[in-house]
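The values are calculated or read from the model by the stated rules, or taken from the named source; none is laboratory data. These numbers come from a predicted model, not from an experiment. Cβ sites come from the backbone with ideal geometry, for glycine too, and all protein chains shown count toward neighbours.
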Amino acid sequence: MTPELATKYVFTLTVRIGEVTSAGEIGHGVRRIIPILGGEVRGEGVNGKICAFGADFQIIRPNELIELEAKYAFETDDGAVVYVENTGIRFGPVELLQKLKRGEPVDPKLIYFRTVPRFETGSEKYRWLMENLFVGSAARHADRVVIDVHQVL
């Protein structure tokens, strides 16, 4: 019998973002770089602040599917530093994705935005972040991205 797949909510990343820089059309989409300015981590066992460095490196495909690759870190309230590498996709109706690109509000339920965060840390207390898989359900707002992170059990 195959083990059942389940998830458990662990924390929310609220990542403040800056202005988009575009490198333009690169042959298979438009490359964008979005700086990470800070934010917070809130959950039952993990709380802290997102460090004010890193970026989300995106490619917007011709059909408006967005491939994301964010690299940044957060520091827990008890001083551990955790590196985050978060890949994912965002997709939905073209008119709504264009509204998001312009910084206009869009109901997050109408956009498919999922990620796969990976974590690295030397802290024994948070070692479990490196020993499990996680998935994120995310929402893009004008000045931030909010990601609910779930542990795959």
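For the reader, a short list of remarks on this structure follows.
- Wholly within segment 54-153, strands (runs of 3 or more DSSP E) carrying at least 2 residues that are in contact with a strand residue (DSSP E or B) (Cβ under 8 Å, 6 or more places away or on another chain) and of a type in the set (Val, Ile, Thr): 55-60, 66-76, 81-91, 112-120, 144-152
- For segment 71-96, the candidate set comprises residues that are crowded, with 20+ Cβ neighbours inside 10 Å and of a type outside the set (Gly, Ala, Ser); within that set, the residue that is farthest from ALA138 (Cα to Cα) is VAL82.
Table: residues versus (1) loosely packed, with under 13 Cβ neighbours inside 10 Å; (2) without any contact (Cβ under 8 Å) to a residue 12 or more places away in the chain; (3) within 18 Å of LYS8 (Cα to Cα).
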site	(1), (2), (3)
ARG102	yes, yes, no
ASP107	yes, yes, no
PHE119	no, no, yes
LEU129	no, no, yes
VAL135	no, no, yes
ARG140	no, no, no
ILE147	no, no, yes
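- Residue match in segment 54-77 (condition: within 22 Å of LYS99 (Cβ to Cβ) and among the small types (Gly, Ala, Ser)): yes
- Checking each residue in segment 28-59 for being free of Cβ contacts under 8 Å to residues at least 40 places away in the same chain and among the β-branched types (Val, Ile, Thr) picks out VAL30, ILE33, ILE34, ILE36, VAL41, ILE50, ILE59.
- The set of residues in segment 30-63 that are hydrophobic (A, V, I, L, M, F, W, C) and at pLDDT below 95 contains only ILE60.
- One residue alone among VAL152, VAL84 is under 13 Å from the mean Cα position of the chain (by Cα) and at pLDDT 95 or above, and that residue is VAL84.
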